[in-house]
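The values are calculated or read from the model by the stated rules, or taken from the named source; none is laboratory data. Source: prediction; values computed, not measured. Here the Cβ positions follow ideal geometry from the backbone for every residue, glycine too, while neighbour counts run over all protein chains shown. Just so you know, the surface numbers come from the protein's heavy atoms only, side chains and all, with ligands and any DNA or RNA stripped out. Shrake-Rupley method; radii C 1.70, N 1.55, O 1.52, S 1.80 Å.
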Amino acid sequence: MAPRLLLILAFAAGPVLGQTDLDLVLEGFEDAPLSPDLQEFDDIEDVLEGFDFDSPADPGTEIDQDTPPERLRISGSLSERLVFNLAHDAPDPGETVDHRGLSSLRSRLDLRIDADLGTDWRARASGHFWIDHAFRLNGRSGYPAGFLDEYEQEAELGELFLQGPVSENADLTLGRQIVIWGRSDQFRVTDILNPLDNRLPGMTDIEDIRLPVAMARVDIYSDPWTVSLIAIPERRFDKRPVPGSDFFTARASPPPRDVPAKSLGSPEAAIAVTGVFSNWDLSLHAANVFDDRPHVEGIGREARLRHNRIWMVGAAGNVVTGNWLLKAEAAAQTGLRFSTVPDTKFSRLSVLAGAEYSGLVDTNIAVEALNSHIVDFDDRLASLPDDRRRNEPASAIRVSRRFQNDSVEVTLLALNLGLTGENGAIQRAQLSYDWTDSVDLTMGVVLYHPGEQTPFRGIGDNDRLFLKLDYHF
């Protein structure tokens, strides 16, 4: 209780926080403070350098101008992560999974290869492999088979794309990639193109949350505007907690999922128009995609989880003034289907406003507030399994400060659902230490507060301590 009480007191002076969906919760865990010297920049391009909203990030290695660039670059990391559950009680009679004590002991390898193909073309291939030893140590027999398939080990291809110019003012990118829309660090409003890894909410950094998807993207440049045309033939959806996880709180296992057929003739489609100006930027977005959130169709043995197509139109922007970065997003989604009212399509309007302040030495403070409103709300949507509300407010605060010549960073982060946190909350305190140029140590605590709305029902005992050691090469 002591760590919980300290964190609650630490955030008591901040705004009341909230959130509407597990996707939103996971977006909060990005530790990317802005420079404290923000006021020295005169142009939004300088201020936002490194925040690539609509394209994969380039390798961050500086190249000596007198040295020819390497045509092949291999980088990656090895990591060990220890997670210990703090608050679980002994399992009830009939339950086979004991969540007390050791929750994860994971060894992970990440590998990335970047190749310069000449004539301004480049390629990237990345992937990861991890294995979690905790389940063998705890006894594999107590876990459901489907759970072990998701949580015991994973080998997966990451980004895999080819990129280069097709004319003087147009670039083509083909392959698996991540495209980041929007401006929010905590929530997803217009940022809907890549699914998320939601299996361990609160434990995953932003770079591990988004999952790459096969796309064909054309970027057309006409200063200061960029037009991005995107086709997405791959059907890939969020990874969610499964039965056996302490984050799976449903009363019954979900029905089978119907994955939409992969067809080049009916890909998901999206377009973005982005303008970057002095001290501000603006982007307009539209997309026709499959909803990551499935709904149930049918009854009993005939029930299936299905994804339907939705439309999204939205806008996002930043304004820099002195030590402040102001941000806003708005999006309308149409064609939404829910399990309790399967024959009706709904629309949702989401509006976000936020600000980051970097006027204190080595300190960054970020606050964001969101509300999602379901148009023509039906009272049946408040029933399980949908568990929706007409208005679903959310807010978040992140405070980070660096010490010891930037070798130590302390981050406090809080996300709540509802105006007063009545629908659930996550609080996280983390310390990161750059031990050497290639070795990082991270430790912290994540506290979960149960709420009256899915997905936070019944997760109040999931508090965790974590320790992670990374070696970068």
Q. Which residue out of LEU384, LEU349 is under 26 Å from THR420 (Cα atoms), open to solvent by 60 Å² or more (accessible area, probe 1.4 Å) and without any contact (Cβ under 8 Å) to a residue 60 or more places away in the chain?
A. LEU349
Q: Test ARG398 against the stated conditions and say whether it is open to solvent by 20 Å² or more (accessible area, probe 1.4 Å) and not aromatic (Phe, Trp, Tyr).
A: no
Q. Counting only residues that are within 22 Å of the chain's Cα centre (by Cα) and outside any loop (DSSP other than H, G, I, E, B), how many does the range 151-177 have?
A. 13
Q.
On the basis of being without any contact (Cβ under 8 Å) to a residue 40 or more places away in the chain and either over 20 Å from the mean Cα position of the chain (by Cα) or over 22 Å from LEU229 (Cβ atoms) (or both), does ASN308 make the cut?
A. yes
Q: Just need a number here: residues in the range 261-278 that are surrounded by 13 or more Cβ atoms within 10 Å (Cβ to Cβ) and at pLDDT below 85.
A: 0
Q) Taking only pairs six or more apart or across chains, which ones have beta-carbon atoms under 8 Å, a first residue in the range 184-202 that is over 27 Å from ASN85 (Cβ atoms), and a second residue that is assigned to a loop (DSSP other than H, G, I, E, B) and among the β-branched types (Val, Ile, Thr)? A) ASP191/ILE180; LEU193/VAL179; ASN194/ILE178; ASN194/VAL179; ASN194/ILE180
Q.
Could you list, ordered by first residue, the pairs with Cβ atoms under 6 Å in which the first is in the range 113-139 and of a type in the set (Val, Ile, Thr) and the second is loosely packed, with under 15 Cβ neighbours inside 10 Å, at least 6 apart or interchain?
A. ILE113/ILE74; ILE131/SER107
**Q.** Members of the range 78-97 that are modelled with pLDDT of 85 or more and among the hydroxyl-bearing types (Ser, Thr, Tyr)
**A.** SER79
Q: Please indicate, with yes or no, whether at least one residue in the range 84-101 is open to solvent by 40 Å² or more (accessible area, probe 1.4 Å), among the aliphatic types (A, V, I, L, M), out of contact with any Cys (no Cβ under 9 Å at 6 or more places or on another chain) and in a strand (DSSP E or B).
A: no
Q: Please tell me if ALA155 is open to solvent by 40 Å² or more (accessible area, probe 1.4 Å), touching a strand residue (DSSP E or B) at 6+ places or on another chain (Cβ under 8 Å), modelled with pLDDT of 95 or more and of a type outside the set (Ser, Thr, Tyr).
A: yes
**Q.** ALA315, sole failed condition from (1) more than 22 Å from ASN288 (Cβ to Cβ); (2) touching a residue at least 60 places away in the same chain (Cβ under 8 Å); (3) out of contact with any Lys or Arg (no Cβ under 6 Å at 6 or more places or on another chain)
**A.** (1)
Q | Some residue of the range 284-297 being within 20 Å of VAL189 (Cβ to Cβ), open to solvent by 40 Å² or more (accessible area, probe 1.4 Å), in a strand (DSSP E or B) and not charged (D, E, K, R) | A | yes
**Q.** Residues of the range 294-342 satisfying the condition of being among the aliphatic types (A, V, I, L, M) and more than 22 Å from ASP376 (Cβ to Cβ)
**A.** ILE299, ALA303, LEU305, ALA315, ALA316, VAL319, VAL320, LEU325, LEU326, ALA328
Q: Give me a count of the residues in the range 120-145 that are assigned to a strand (DSSP E or B) and open to solvent by less than 50 Å² (accessible area, probe 1.4 Å).
A: 9
Q.
Please pick out the residue among LEU111, LEU148 that is within 22 Å of the chain's Cα centre (by Cα) and either open to solvent by 70 Å² or more (accessible area, probe 1.4 Å) or modelled with pLDDT under 95 (or both).
A. LEU111
Q. Conditions: (1) closer than 22 Å to PRO455 by Cα; (2) open to solvent by 40 Å² or more (accessible area, probe 1.4 Å); (3) part of a loop (DSSP other than H, G, I, E, B); (4) touching a strand residue (DSSP E or B) at 6+ places or on another chain (Cβ under 9 Å). ILE180 meets all but one. Number of the miss?
A. (1)
(Q) Quick check on the range 207-218. Is at least one of its residues in contact with a helix residue (DSSP H, G or I) (Cβ under 6 Å, 6 or more places away or on another chain), modelled with pLDDT under 95, in a strand (DSSP E or B) and among the hydrophobic types (A, V, I, L, M, F, W, C)? (A) no
Q: Looking only at the range 214-236, count how many residues are surrounded by 19 or more Cβ atoms within 10 Å (Cβ to Cβ) and within 17 Å of VAL289 (Cα to Cα).
A: 5
Q. When you look at PRO201, is it within 23 Å of the chain's Cα centre (by Cα), open to solvent by less than 20 Å² (accessible area, probe 1.4 Å) and more than 28 Å from GLY164 (Cα to Cα), yes or no?
A. yes
**Q.** the range 448-473, subset touching a residue at least 40 places away in the same chain (Cβ under 8 Å) and touching a Pro at 6+ places or on another chain (Cβ under 7 Å), residue surrounded by the most Cβ atoms within 10 Å (Cβ to Cβ)
**A.** ILE459
Q. Does the range 237-252 hold any residues that are under 22 Å from ASN308 (Cβ atoms) and open to solvent by 50 Å² or more (accessible area, probe 1.4 Å), and which are they?
A. ARG240, ALA250
Q) Would the range 336-343 turn up any residue that is hydroxyl-bearing (Ser, Thr, Tyr), in a strand (DSSP E or B) and either open to solvent by 10 Å² or more (accessible area, probe 1.4 Å) or closer than 30 Å to ALA261 by Cα (or both)? A) no
Q | Qualifying residue in the range 124-133 (condition: at pLDDT 90 or above and over 24 Å from the mean Cα position of the chain (by Cα)) | A | yes
